[in-house]
Each structure stands twice: as C-alpha cells, then as structure tokens.
Amino acid sequence: MDPKVFYSQLISCRRCPRLVAWREEVGRKKRAAYRDWAYWARPVPGFGDLGARILIFGLAPGAHGSNRTGRPFTGDASGDFLYPALYRAGLASQPSATHLGDGLRLKGVYITAAVRCVPPGNKPTPAEVAACAEWTQGELALLPHLRVYLALGRVAHQALLDLFGLRRSAHPFAHGAEYPLPGGVLLDSYHVSRQNTQTGRLTAAMLDAVLSRAKALAGL
C-alpha cells in the first residue's frame, strides 16, 4: 500500500470508543502550558526511515506529548530521553523533538507503538492492543528491511510476540533480553517513561548500550 494512503486510513481510525473519547477530551481540555496548541488528538502514525533496519516499538502516545504533537515521543519527557540517545547513536539528525516540522530526521530507524491513541492512565486494555495489531501489521509491511524489533516495555514486548505468534511464557520480558523472530531479532528495553528514567531504573548509559546492540544486530 502507498504509505500516504495507509497513514490517511490510520489517522481516521475510530474503532476503540474509549480511546477516541479520551484522546479528544484531552485535546479539548489541554494542559495549561499548551493552551494555545491545536492538539493532534487522533491516532498517531509511525515516524522515521522507511528503509529502517531497526523498529523502536513503544506503548502508546503520551497525553500531552504525541497526542498533542502528532509524532511519536515528541513533546514530552519520554522523547526528551529517547531522542538524545538516538542522536548519540547516530540514528537521529538532532537531539530534540518538539513538533512536526522541527527538522528531525531518523536514519535506519522507524518508531511506532502498540497502541496509536492515548489511553487513560497510560494503560490500554488487551482488546485495544489487539485492535491496533492490524495497524502494526500495516506499518511493518511498509518496512521491508527491518532486522531488529526494539520493544520499549512489557506491553510492547508482548504485543510483538502476539503479532509473530510466539508464546509469552517462552519469551519473558527483561531489559536487554534477545529472542529470535522470523527474519529478525526481538530486543527488549525498559520503557523511556519519566517514571523509569527519574528513578534510575533506566539510565542513559543503559539505553545507549541497548541501542548499540540494536545497531550491531541490524548491521548498522
């Protein structure tokens, strides 16, 4: 499918009533700091290099990050941690991600998530994750050169296992874990959430090491 057609269909999705209601409510109420923003408040499409060898697979958009800006990990604390690491690894053109049109380009990497709409409490239901699997399959079809699937967090890890038909019990989530996938490798990292990074559960050095391993596995 033509990527423009796919993205047009994706951002029009309204199949999960709870998520539709929440993303639009957040977009109406806004955060005071962003009261002058026109929130995206739609499903957030993936972003990056369609020739990518590495997929970075997150959980879902942030309420006042991606749900506001319309691009994964853009405009919130998670992106403030992730994009500098991608820049240090030579995978991003700049260390910041603030809005669409800020000039950011990715090299060898594509970023998307298990769920494309912001969920209440950052907790999508299993049914919502399953409903979004069709969009994941569609995005993966646009990325024929993928070799490494880097899952940020347990939900992303499990969503990829389900997509490839692999048993969760045989592939437990752990930071730095690696598992073979058809035509590639599943690599795990703790999520780049503020909770993980501010508590030191995930440090910059830990993420740098995972990205270095991803590059090696991908042949970059």
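Key figures for this structure:
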{"read-out": "Residue in segment 134-153 that is under 13 Å from the mean Cα position of the chain (by Cα) and more than 19 Å from residue 49 (Cα to Cα) present", "value": "yes"}
{"read-out": "Candidate set from segment 10-28 (those that are over 30 Å from residue 220 (Cβ atoms) and without any contact (Cβ under 8 Å) to a residue 60 or more places away in the chain); member that is surrounded by the most Cβ atoms within 10 Å (Cβ to Cβ)", "value": "27"}
{"read-out": "Selected residue [open to solvent by 20 Å² or more (accessible area, probe 1.4 Å), farther than 26 Å from residue 181 by Cα and of a type outside the set (Asp, Glu)] from 31, 53, 71", "value": "31"}
{"read-out": "Positions within segment 181-205 being under 18 Å from residue 92 (Cα atoms), assigned to a helix (DSSP H, G or I) and open to solvent by less than 60 Å² (accessible area, probe 1.4 Å), in sequence order", "value": "204"}
{"read-out": "Looking only at segment 75-99, and only at residues there that are closer than 21 Å to residue 30 by Cα and touching a helix residue (DSSP H, G or I) at 6+ places or on another chain (Cβ under 6 Å), the one that is surrounded by the fewest Cβ atoms within 10 Å (Cβ to Cβ)", "value": "99"}
{"read-out": "Scope segment 115-140; condition outside any helix (DSSP H, G or I) and under 18 Å from residue 69 (Cα atoms); matching residues", "value": "115, 116, 117, 118, 119"}
{"read-out": "Failed criterion for residue 219 (all others in (1) open to solvent by less than 50 Å² (accessible area, probe 1.4 Å); (2) out of contact with any Lys or Arg (no Cβ under 6 Å at 6 or more places or on another chain); (3) under 18 Å from residue 110 (Cβ atoms) hold)", "value": "(1)"}
{"read-out": "Single residue of 123, 107 found to be touching a Leu at 6+ places or on another chain (Cβ under 7 Å) and open to solvent by 40 Å² or more (accessible area, probe 1.4 Å)", "value": "107"}
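The values are calculated or read from the model by the stated rules, or taken from the named source; none is laboratory data. All values reported here derive from a predicted model rather than from experimental measurement. With ideal geometry, Cβ positions are generated from the backbone for all residues, glycine too; neighbour counts draw on all protein chains shown. With ligands, DNA and RNA removed, areas are computed over all heavy atoms of the protein, side chains included. Shrake-Rupley method; radii C 1.70, N 1.55, O 1.52, S 1.80 Å.
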